[in-house]
Amino acid sequence: MRESSTPVIADPDPILIAKNVTKHYGERIGCEDVSFSLWPGEVLGIVGESGSGKSTLLRCLAGIDRPTSGEILFRHEGEPISLFNIPEPTRRKLMRTEWGIVHQNPRDGLRMDVSAGGNVGERLMDRGDRHYGKIRRSAMEWLTRVEINEDRIDDRPRQFSGGMQQRLQIARVLVPEPRLVFMDEPTGGLDVSVQARLLDLLRVLVRDLGIAAVIVTHDLAVARLLTDRLMVMKGGYVVEEGLTDQVLDDPHHAYTQLLTSAVLAA
Amino acid sequence: MTTMLKAEGLTKQFVLHHQDSVTLPVFAEVSFSVDQSEAVILHGPSGVGKSTLLRILYGNYRPSKGHVHIRHGQDFIDIVTATPRRVLEARRKSIGFVSQFLRVIPRVKTIEIVKDPMLARGVSDAEATHRARDMLARLNLPERLWTLAPSTFSGGEQQRVNIARSFVDPSPILLLDEPTASLDAANRDVVVELIAEARQRGSAIIGIFHDEAVRDRVATRRLDLTTYKAAA
């Protein structure tokens, strides 16, 4: 028997690498010295209470905010590119085509004055599709996939319920077939029954499309259901990380023990 | 004989930071190995750490010290030091954990739950459906329940869904934590048969059974954890 673990499958390259990512707001720490690698098909959860730095970290990873120091590498056409060392327009183009962001508030991710079909179809046009009939058909398929009835295709998002708006946002994000998706509290602000539907949908979509995802949540049940790995943040620092079930079932850090013991069993 | 799992010097203590940082030692220096087609039953009174050991073997708990080498194809993976993605890969193909509790996912149908591990291993949908149906029937779960999500099922029904899922295509290493706990005699017999069949196919079994009769029918060997009890 070999003493050490030996690779049994060839490892593909990570799609996202964070190296010592640090974000300060003046004197205040947003997040401090965060490093990790994310592989295709993997779902990473970031948990922690409000103010723990999880959203700050997500904004850096997603290319929205420039970190104070550290580096974020995204693999594009086989080459790692440093997210904040490329021209702004190139970064914007990547953000549009290679990855997607699901915001907690669907209003931040949707065009509220454009029809549901338009919200989805617009992304197909970004990708270069020009044929109207094809775009509409494809938009229709996506609406069905996120369980929005076809006869709502010409309605505007403001006529939708919160849960429907969130599902529409997810369709809009996934349409261009991104390789990496960031989600900030994707089920926050929704009723529990609506949450369950959305969670199941996300779980299936992530699995079927094989995309990598980073999900920020304060809900440990959401983390357990959707993520493979977990990082626990407190005061801007990652205090514990590992396999999701390991971190939740055998927490070692004092703060993680506090988090997991504070959950009421339903 | 082919070694399937080798535990080396496993030691576990829990540190409870919010309860006066009390340290609970469980066991120390547990070492053993399990071959293909063996069924090792963990033995010892309640609190000796049987479930804790089983969870460490699966990578669910982290030991304070020691290693768990499990066979993964032609190689061995140390579940303690392997990266999370490697552990998940091993769980998909090489090691399975069966408890008496089913972790219910909202809205997912019983038949899909049973098919899921087969699909993850690349079995065709038609084949997976066929085998899932056979297994659910064998465990006497009424057919009208197959297309429902098990959230509303009784404890015994949920447990049978869990067993169907785990035994429909048994992993080369199977960890069993009281899989027969709330089953009636007929279904208990089915589980004992399933375990025997998995062994015949070469699976290595490590399990906890409180039912003395079941234990005697399943075990090829006992591992008494009392001897490893850590000094408090």
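Answer yes or no as to whether B:L10 is assigned to a strand (DSSP E or B), crowded, with 20+ Cβ neighbours inside 10 Å and free of Cβ contacts under 8 Å to residues at least 60 places away in the same chain. Judged against the criteria, B:L10 is a match. For segment A:210-223, the candidate set comprises residues that are buried (at least 17 other Cβ atoms within 10 Å of the Cβ) and in a helix (DSSP H, G or I); within that set, the residue that is nearest to the other protein chains (Cβ to nearest Cβ) is A:V222.
Only one of A:V232, A:V181 is under 26 Å from A:R107 (Cβ atoms) and either more than 10 Å from chain B (Cβ to nearest Cβ) or among the β-branched types (V, I, T) (or both); which? It would help to see each step written out before you state the result.
Numbers: A:V232 fails: under 26 Å from A:R107 (Cβ atoms).
Within the list A:V232, A:V181, the selection yields A:V181.
Residue count for segment B:100-110 satisfying the condition of being farther than 18 Å from A:R207 by Cα and modelled with pLDDT of 85 or more: 1. Of the residues making up segment A:170-229, those that are without any contact (Cβ under 8 Å) to a residue 24 or more places away in the chain and touching a Pro at 6+ places or on another chain (Cβ under 8 Å) are A:A196, A:D200.
Just one of the listed residues (A:R197, A:R207) is surrounded by fewer than 17 Cβ atoms within 10 Å (Cβ to Cβ) and not in a strand (DSSP E or B), and it is A:R207.
In segment B:125-166, how many are of a type in the set (S, T, Y), touching a residue at least 24 places away in the same chain (Cβ under 8 Å) and surrounded by fewer than 18 Cβ atoms within 10 Å (Cβ to Cβ)? Steps first, answer last, please.
Kept after step one, since they are of a type in the set (S, T, Y), are these residues of segment B:125-166: B:129, B:147, B:151-152, B:154, B:166.
Then keep just the ones that are touching a residue at least 24 places away in the same chain (Cβ under 8 Å); that gives B:147, B:151, B:166.
Keeping just the survivors that are surrounded by fewer than 18 Cβ atoms within 10 Å (Cβ to Cβ) gives B:147, B:151.
So the answer is 2.
From the list B:A181, B:A186, the lone residue that is farther than 25 Å from B:A28 by Cβ, hydrophobic (A, V, I, L, M, F, W, C) and loosely packed, with under 14 Cβ neighbours inside 10 Å is B:A186. Cβ-Cβ distances below 8 Å connect the following pairs, each with a first residue in segment B:192-209 that is aromatic (F, W, Y), a second residue that is assigned to a strand (DSSP E or B), and a separation of six or more residues or different chains: B:F209/B:I41; B:F209/B:L176. Might you let me know whether segment A:148-169 holds any residue that is farther than 22 Å from A:G45 by Cβ, of a type in the set (A, V, I, L, M, F, W, C) and under 18 Å from the mean Cα position of the chain (by Cα)? Yes: one or more hits. Considering segment B:162-232, the qualifying strands (runs of 3 or more DSSP E), each wholly inside and each with 2 or more residues that are small (G, A, S), run over B:204-208.
Tell me, yes or no, whether segment A:225-239 has at least one residue that is touching a His at 6+ places or on another chain (Cβ under 6 Å) and outside any loop (DSSP other than H, G, I, E, B). Yes: one or more hits. Within segment A:247-259, identify whether any single residue is without any contact (Cβ under 8 Å) to a residue 24 or more places away in the chain and of a type in the set (F, W, Y), and answer yes or no. Checked against the condition, which is being without any contact (Cβ under 8 Å) to a residue 24 or more places away in the chain and of a type in the set (F, W, Y), segment A:247-259 yields at least one hit. Every condition in (1) closer than 28 Å to A:R145 by Cβ; (2) among the small types (G, A, S); (3) more than 11 Å from every other protein chain (Cβ to nearest Cβ) is met by A:S193 except one, and the failing one is (3). Could you please let me know if A:Q165 is touching a strand residue (DSSP E or B) at 6+ places or on another chain (Cβ under 7 Å) and either under 21 Å from A:D184 (Cβ atoms) or assigned to a helix (DSSP H, G or I) (or both)? For A:Q165, the condition - touching a strand residue (DSSP E or B) at 6+ places or on another chain (Cβ under 7 Å) and either under 21 Å from A:D184 (Cβ atoms) or assigned to a helix (DSSP H, G or I) (or both) - is not met. For the structure I just gave you, tell me whether A:G188 is more than 14 Å from chain B (Cβ to nearest Cβ) and either at pLDDT below 85 or farther than 24 Å from A:W39 by Cβ (or both). So A:G188 fits the description; yes. A:D129 meets the conditions (1) at pLDDT below 90; (2) surrounded by fewer than 18 Cβ atoms within 10 Å (Cβ to Cβ); (3) part of a helix (DSSP H, G or I) in every case but one. The failed one is (3).
Do we have A:I170 as farther than 23 Å from B:R103 by Cβ and either assigned to a strand (DSSP E or B) or not aromatic (F, W, Y) (or both) here? It is true that A:I170 is farther than 23 Å from B:R103 by Cβ and either assigned to a strand (DSSP E or B) or not aromatic (F, W, Y) (or both).
Within segment B:73-89, being under 16 Å from the mean Cα position of the chain (by Cα) and either surrounded by 23 or more Cβ atoms within 10 Å (Cβ to Cβ) or hydroxyl-bearing (S, T, Y) (or both) holds for B:I79, B:V87.
For A:V239, are the conditions met, namely being buried (at least 22 other Cβ atoms within 10 Å of the Cβ), away from chain B (no Cβ under 11 Å) and under 17 Å from B:R62 (Cβ atoms)?
Working: buried (at least 22 other Cβ atoms within 10 Å of the Cβ): no; away from chain B (no Cβ under 11 Å): yes; under 17 Å from B:R62 (Cβ atoms): yes.
No, not satisfied.
One residue stands out among those in segment A:242-253 that are within 24 Å of the chain's Cα centre (by Cα) and facing chain B (nearest Cβ under 8 Å): the one that is nearest to B:R85 (Cα to Cα), which is A:L243.
The values are calculated or read from the model by the stated rules, or taken from the named source; none is laboratory data. Note that this is a predicted model, so its numbers are computed, not measured. We place every Cβ from the backbone using ideal geometry, glycine too, and count neighbours over all the protein chains shown.
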